[in-house]
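Undergrad: Sending over a structure as structure tokens; questions will come in a sec.
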Amino acid sequence: MAPEKEEGFVVRDRRGSGGSEKPAASSPAPASPKGTPPPPESAQGSGMPVTFASFVISLGSSSLMLMGEQLDPQQPAMPVNLPQAKEIIDLLSVLEDKTKGNLTTEEQAVLRDMLYALRMKYVSLTSKP
């Protein structure tokens, strides 16, 4: 019995087309190594690159909103969800442990200060009777 020849595969993202497009048989599109679609137009044109500090601030802001902070007075307040806020705090703690020794002084300060603020806010909310 002859061994079967292994063939590659092609990944096609049909989410935007509703799945009605027919695949091109002559030249398959190479699969993206990450398999992620490009960011939305609003993120592409913002001119603000995603940095480690902005990522930490984004997660911290989400946690603060889940603890009842209203960061934008024009937006309605989110309902308090302490378990989910704690999950983000724990995620940032893991990030702190895993990046130890690999961050710049500024990045370390942003992460440390954000964790301190979030932990204090969480403790103050959970210690109330």
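Undergrad: Condition first: touching a residue at least 24 places away in the same chain (Cβ under 8 Å) and among the hydrophobic types (A, V, I, L, M, F, W, C). Can you find one or more residues in segment 68-79 that meet it?
TA: no
Undergrad: If you don't mind, another one. Among the numbered conditions (1) touching a Phe, Trp or Tyr at 6+ places or on another chain (Cβ under 8 Å); (2) free of Cβ contacts under 8 Å to residues at least 24 places away in the same chain; (3) β-branched (Val, Ile, Thr), tell me where Ile89 comes up short.
TA: Among (1) touching a Phe, Trp or Tyr at 6+ places or on another chain (Cβ under 8 Å); (2) free of Cβ contacts under 8 Å to residues at least 24 places away in the same chain; (3) β-branched (Val, Ile, Thr), the lone unmet condition for Ile89 is (2).
Undergrad: Might you let me know whether segment 77-97 holds any residue that is modelled with pLDDT under 70 and among the β-branched types (Val, Ile, Thr)?
TA: The answer is no; no qualifying residue exists.
The values are calculated or read from the model by the stated rules, or taken from the named source; none is laboratory data. Since the structure is predicted, the reported quantities are computational estimates derived from the model, not experimental observations. All Cβ positions, glycine included, derive from the backbone under ideal geometry; neighbour counts span all protein chains shown.
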